[in-house]
Protein chains: 2
Amino acid sequence: MVRNDLLTVGSGVDLSKGSRLRVGMIAPAWLPVPPIGYGGTERVVAVLVEGLVARGHDVTLFAAAGSVTSAHLVTPLATPPPLGDPASVSDDLFHTTSAFLHAGEFDIVHDHTGMGPALGAMLTGRTPVIHTLHGPWTAFNRRFFGLVENRVHLVAISRAQQAANPHLRYAAVVHNGIDLSVHPFNPVKEDFLVFVGRISPEKRPEVAIEVARAAKLPLVMVVKRREPAEHAYWDEFVAPILGGDVVVLDEPSQAVKAAVLGRARALLFPIDWPEPFGLVMVEAMACGTPVIACPLGAVPEVVTDGVTGFLCSTPAQMVHAAEAATELRPEDCRVRVEQCFSAEAMAAAYERVYRVALDGAGSHDGGAALEGLTDDLAHRTMSVGISERAKRTEEDPRVDHRYSNPAA
Amino acid sequence: MVRNDLLTVGSGVDLSKGSRLRVGMIAPAWLPVPPIGYGGTERVVAVLVEGLVARGHDVTLFAAAGSVTSAHLVTPLATPPPLGDPASVSDDLFHTTSAFLHAGEFDIVHDHTGMGPALGAMLTGRTPVIHTLHGPWTAFNRRFFGLVENRVHLVAISRAQQAANPHLRYAAVVHNGIDLSVHPFNPVKEDFLVFVGRISPEKRPEVAIEVARAAKLPLVMVVKRREPAEHAYWDEFVAPILGGDVVVLDEPSQAVKAAVLGRARALLFPIDWPEPFGLVMVEAMACGTPVIACPLGAVPEVVTDGVTGFLCSTPAQMVHAAEAATELRPEDCRVRVEQCFSAEAMAAAYERVYRVALDGAGSHDGGAALEGLTDDLAHRTMSVGISERAKRTEEDPRVDHRYSNPAA
């Protein structure tokens, strides 16, 4: 019964290649763009907005109060809601609805919110809506995106993310990009390891401590622990094994984080879930620092095993990799990011997605027509199975990171 | 910047008075229609659907699995989410989005959900969307409905509800109606009082116990205590004062509830919030039972002081009223419901709202053009102030009954 309407061309838009597009960019309600500390989605949105403005587009950013941008800024909520508060769904609804009520003023709406795809699906035939899939797959969002796939142009952030839900209709795969200028290259490495992440079972901070200790190297932990579940995980699994060989930094500035990443011998990324992208891996590599990671989710697309890091399935392999990391060349890490994960590459890719959506072409090929937007890495099918925890994350509808943790 | 588009006429609809309308009726995700036990919104939706079908309309009901209806039934979710679970926002989004994706198949969409007004606001210029305001005003929904008032036809369920937010644009005030056939008139009263309601500070069940005890009458309590906050309130304020003079029934069937209401001398309704409507008052009156209530919210519209009950501002007044209730005539209570709060009256009133919305006429008069839809009671301005608790309910954005308690 659901209509499979074509996503049609907005009226009066000059579709010539160099035309200036009016873009309505809708960030989540919770964190400013860019974020002060933690906030992967908001960091990507910030980089994308600056990239689009640099390309001459007329961008309006709907985001949390406190955002700083070269675009026109609209902040529907005077005060952002607290992260992880169930009551903040009301604020989310207000923020996202406020933004979508302006859809008619733009050539393209690019949404990054939880409810945006539902609102965008109602606009069929008017302004095309792009939605970037920032989160992991859950039982809920598999069903939800299945509802709206023919009305909203869905963009995956990795081929692994696409492959994990292959029957959905995608407009494209566009890898996240970072601002290389705020991730200075540092070829001089020091004898310590670094962990960056939310304090959660998916990120396994306690494994990073065990690996660093077994490798006889100090560990700097750049952590986000704001929400009750994060504090609980910290208290139960991390605090008991802290020692003089571990330094903890709570959501430092981007500059401090980049400096720490640049000086470290390697980034430890001992995840236990199908990581949709893993922005910090790219940030480390930009600073010339290799990545030691479990090959789950997008990791094999981001890290070139033996060149920009090591793919390790066990803590023991990670300990050996921490030793071998000194043999990798920082230059190779930097070049990889410059080639595949720059802000410029991302902005150019999204501009092409916008123009294809406006053109009405390619929107019925499940993304195949846009394959060229992605980098040329073959998607490697990994033999490493998804762990039990990753399966549980998938099946438990309560683990809905689009709501409980908008910047997952 | 928000567009103030006119709500325009759906295409191809025969606007002649007797034409059959295709109505998409969207109930909340949580409880079946009609509900098994508790569920004010779902009970009203059930009665309205049956009334519209009886009037010859082609109604499709989107509702929780387990619903029973004469309309076409669509159940987007195989299993309804648990009441009061913050994670159920995902299910709510799926349910409501699924329903609104069918909007183009109807002449009119009539929504009763939390997110529906946002989705409906995106449909401007196509199928008109009616939304009934079932809940209390909160800081959140005052702002939220302000966003969408020009795109969705908002219907208040009492003049008091409208008066408490007078600057919003309303399509009409339509009082809730009940099925008189399942609320048999009982002129023979017994010497006990009855309380019906959620176990919450707004309903003040403990005051009902105190009043009945002071009046030396037994009390039958028909309660809903499912959610954690309700159990906590019960344990702290109700359980300690229970005695042999109190009988508790947990969400009995409609038939049992109606039988108890019909036999009681009076219904105690000692509320401490601006009740948007108060369906149980009408149910009691239909059974011939007068209502002893605090004159907050819609109470003075529903209860005629000294005729179908007594308006009391203190527990002491309620004790006296419990004595005086024997002097009221059960017939007067029944007739009042037949005249003003019947299923037929409600269905006829909503049909007129639908036709006016389709006609495009009157939709810019803030409801004034539809004044005739409401009964002819003058709206009494009560001198009894809103209590402190009522003020707190208003100002605390966490008390958002549209989400925490969809059938408030």
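The values are calculated or read from the model by the stated rules, or taken from the named source; none is laboratory data. Computed from a predicted structure; not experimentally measured. So basically every Cβ, Gly included, is an ideal-geometry build from the backbone, and we count neighbours across all protein chains shown. Note: areas computed on protein heavy atoms with side chains; ligands, DNA, RNA excluded. Shrake-Rupley method; radii C 1.70, N 1.55, O 1.52, S 1.80 Å.
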(message) Run the label-point distances for B:S253 please: 7 Å along Cα to Cβ, every other copy, nanometres, shortest first.
(response) 7.1
(request) Give the calculated FRET efficiency between B:Q254 and B:H72 to the nearest 0.05, with a Förster radius of 30 Å applied to their Cβ-Cβ distance. (result) 0.80
(request) Show the residues, 5+ positions off or on another chain, whose built amide H is closer than 5 Å to the amide H of B:Y170. (result) B:G366, B:G367
(request) Go through segment A:117-160 and flag every residue whose accessible area shrinks by 40 Å² or more with all protein chains in place compared to the isolated chain (probe 1.4 Å). (result) A:L119, A:M122, A:R126, A:F140, A:R143, A:L147
(request) When you have a sec, figure out the Kirkwood radius of segment A:22-170 from all distinct Cα pair distances and drop it here in Å to one decimal? (result) 15.5
(request) Any chance you could look up the accessible area of B:Y38 with a 1.4 Å probe, heavy atoms only, rounded to 10 Å²? (result) 40
(request) Give the accessible surface of segment B:102-185 per residue, rounded to a whole number of Å², with probe radius 1.4 Å and ligands, DNA and RNA excluded. (result) 21
(message) Using 0.36 nm times the number of residues separating B:A65 and B:R20, minus their current alpha carbon distance, what extension gain do you get?
(response) 13.5 nm
(request) Would you kindly derive the ³J(HN,Hα) couplings of segment A:165-171 from the backbone phi angles with the Karplus curve 6.51 cos²θ - 1.76 cosθ + 1.60 (θ = phi - 60°), listing them in order in whole Hz, with x for Gly and Pro? (result) 8, x, 8, 6, 8, 10, 7
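Can you work out the accessible area per residue across segment A:228-272, with the rest of the protein chains kept in place, probe 1.4 Å, in square angstrom?
43
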(message) Given points 7 Å out from each Cα along the Cα-Cβ axis, report the A:H231 to B:V188 separation in nanometres with one decimal.
(response) 6.2
(request) Convert each backbone phi in segment A:221-234 into a coupling constant with the Karplus relation 6.51 cos²θ - 1.76 cosθ + 1.60 (shift: θ = phi - 60°), then list the ³J(HN,Hα) values in order as whole Hz, x for Gly and Pro. (result) 10, 9, 10, 10, 9, 10, 8, x, 5, 5, 5, 4, 5, 4
(message) Quick check: net charge around B:H320, other residues with Cβ under 15 Å of its Cβ, Lys/Arg +1 and Asp/Glu -1?
(response) -1
(request) Mind listing the long-range amide H neighbours of B:V291? Cut-off is under 5 Å, sequence gap 5 or more, other chains count too, H placed in the peptide plane at 1.01 Å from N. (result) B:L267, B:G309, B:F310
(message) If a paramagnetic tag sat 7 Å from the Cα of B:K216 along the Cα-Cβ line, which residues of segment B:240-274 would have the backbone N under 11 Å from that point?
(response) none
(request) Compute for chains B and A the buried accessible surface, both sides summed, probe 1.4 Å, and express it in Å² to the nearest 100. (result) 3500
(message) Accessible area of segment A:222-319 with a 1.4 Å probe: how many percent of it is carbon plus sulfur?
(response) 62
(request) Between the label point of A:S181 and that of the same position in each other copy, find the distances and list them shortest first in nm, with every label point placed 7 Å from Cα along the Cα-to-C-beta direction. (result) 7.5
(message) How far, in nm to one decimal, is A:G146 from itself in the other copies if the label point is set 7 angstrom along Cα toward Cβ? Shortest first, please.
(response) 4.0
